[in-house]
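Here, each number is a calculation from the coordinates, and none is a lab measurement. Given the structure is predicted, the values throughout are model-derived calculations rather than measurements. Cβ sites come from the backbone with ideal geometry, for glycine too, and all protein chains shown count toward neighbours.
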Amino acid sequence: MDDFDSPAPPSPTLGNVPEFSVSELSFALKREIETAFPRVRVRGEISQPSFPRSGHCYFRLKDENAVIDGVCWKGTIPRLGIRIEEGLEVIATGKLTTYAGSSRYQIIVDRLELAGEGALLKLLEDRRKKLQAEGLFDPERKRALPYLPQVVGVVTSPSGAVIRDILHRLGDRFPCHVLVWPVSVQGEKAAGEVAAAIAGFNRLAVDGKVPRPDVLIVARGGGSLEDLWAFNEEIVVRAAANSEIPLISAVGHETDTTLIDFASDRRAPTPTAAAEMAVPVRADLMTETLDYAKRLVGGMTRLLRERAMELAGLARGLGDPRRLIEERQQRVDVSGERLALATRQLVERRAHQLSAARLVSPQAVIAAKEQALVAEGRALTRAVDRFKSDALQKYARAFDRLDQLGDRLKRHGNDLLVNGQRQVDQAAKLLESYSFHSVLNRGFALVRDQDAQPVLAAASTSTGQTITIQFSDGHVGARVTDGAGAPKPVAPQPASPRRRDDGTGNQGSLL
């Protein structure tokens, strides 16, 4: 292999050097590199990641001095446990090979891990700032926990000590119905399963066969930052923030902090503390209820006793009811006697007034009304006669006035017609004298441009422009051959005939 590691150009003295094709040389280099580096671990920063439709991922690993291409096949990406992102510092494990199509060497990655805890913390902080900017951690989004939940949903591993601690604590404090959604709490599948569990609990119907939890607990025991990384994934944080059911996060110990703690409604330092937050103590509730019952019975007894004493005091201030009733009966008897006597007196008084009154005969009343009606009729007749006389006189005077006005209208109408005809004739003569046709009849011409607008000066024309010249007997077309806008000397025009002043001071215009 030393002979073709550094090939030399052929020469007459080295005629025994073998000749390779490009493909042979590329495959030889590929075998040499894959044999020398069967498996390597490379630390660097991910740059320019791309995800084509094939499902593979292509990226570059770089440091401050060099760059190497990397590729991760479609089937390997789900097993990485880390999302390939721009600027992520990682340790890539794989085999080194070459790509003959472009004469490049590259590393085929089958394992990817973050380069130290510092890189994890940086990634965690960047993700926290991004989600906080979207408002997922706002205090306004957090909901209050129910006081007495009937059903508690728990998202955790079914085989760990966490679920036993939670069930034991719930049983001691306030036994209730518990639904457990088993998930993986560590590894590459953990984030997806936790997010699916939270969304699944929220999709349960309120009155369905499976009861919908009143509160959720997402729990996991303690561990390193890498062990708890599933609860820092964006899919889990968004599922917790979008949960309609109040959610308590109990991930790790008291000193451990994950992003789900910021998105949840309450954070518990431990899973046991989460159970204590979810339900109250039943014994305390019973003691408090008994205390309230004793206080209620005592208060009612004291109130009844006070009301009985008050009633007894009021009863002592009242008189004998029988005596009060007898007194009221006596008043009723006296009033009845007085009412009967007053009725008889009223009837007698009205009878006396009726006998003393004098009644008028109906015939006399009718005769008086007839006389009054006759008098009114005579007065009305005299008034009508007087009105007719006055109206006839007014009509006669009006007809005389109309005859006089008719004669005056006939006389003045003829005068108005004669004067109007005279004014119309004068206006027609004046209009004819002002018309430009009279000027054309004297030998002048009117020049118009292609828009039928009068051309008033030679400076407004240009060479090649089409114009129309109007004479008194018709129109002719013309084209300007020399009219660049510069004025040229022309023969003096004959003075226009002096127009008669119309009395307003205006002498009119040619056009």
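Below 15 angstrom from the Cβ of residue 283, what's the summed charge of the other residues (Lys, Arg +1; Asp, Glu -1)? That sum, taken over residues with Cβ under 15 Å, equals -2. Computed about its Cα centre, the charge dipole of the chain is approximately 4260 debye, with only Lys, Arg, Asp and Glu carrying charge at their Cβ. By the equivalent-ellipsoid construction on the alpha carbon gyration tensor, the range 17-114 comes out with semi-axes of 26, 14, 13 Å, ordered largest to smallest.
So which GluC sites (Glu not before Pro) in the range 61-128 are both in a DSSP loop and have at most 12 other Cβ atoms within 10 Å of their Cβ? Qualifying residues, ordered by number: 64, 86. Taking every DSSP beta bridge that has both ends in the chain, the antiparallel portion is near 65%. Summarising the overall dimensions of the chain from its C-alpha atoms, the Rg and Dmax are 60.5, 179 angstrom. Here is the list for the range 34-63: trypsin sites (Lys or Arg not before Pro) lying in DSSP coil, each with at most 16 other C-beta atoms within 10 angstrom of its C-beta, are 39, 53.
Sequence-distant contacts, meaning Cα pairs under 8 Å at least 6 residues apart, place the relative contact order of the chain at 7 percent. Taking the charge dipole of the chain about its Cα centre, with +1 at Lys and Arg Cβ atoms and -1 at Asp and Glu Cβ atoms, the residue from 75, 65, 202 reaching farthest to the positive side is 202. Rounded to whole numbers, the Karplus 3J(HN,Hα) couplings from phi for the range 441-449 are 5, 8, x, 7, 9, 10, 9, 10, 8 Hz, using 6.51 cos²θ - 1.76 cosθ + 1.60 with θ = phi - 60°, and x at Gly and Pro.
As a ratio to 2.2 N^0.38 Å, the alpha-carbon radius of gyration computed for the range 97-178 takes the value 1.99.
Around residue 44, under 12 Å between beta carbons, what's the net of Lys plus Arg minus Asp minus Glu among the other residues?
Details: positive: 41, 43, 60, 62; negative: 45, 63, 64, 69, 89.
Net local charge, residue 44 excluded: -1.
Putting +1 on Lys and Arg Cβ atoms and -1 on Asp and Glu Cβ atoms, find which of 336, 396, 185 reaches farthest to the positive end of the dipole of the chain. Checking the options against the dipole of the chain, the answer is 396. Each Lys or Arg adds one and each Asp or Glu takes one away; over the other residues whose Cβ falls under 13 Å from the Cβ of residue 171, this sums to +1.
Counting other Cβ atoms within 10 Å of each Cβ, which GluC sites (Glu not before Pro) in the range 219-269 have at most 11 and sit in a DSSP loop?
Numbers: sites: 226, 233, 234, 244, 254; in loops: 226, 233, 244, 254.
Here the GluC sites (Glu not before Pro) that fit, given the DSSP loop and packing criteria, are 244, 254.
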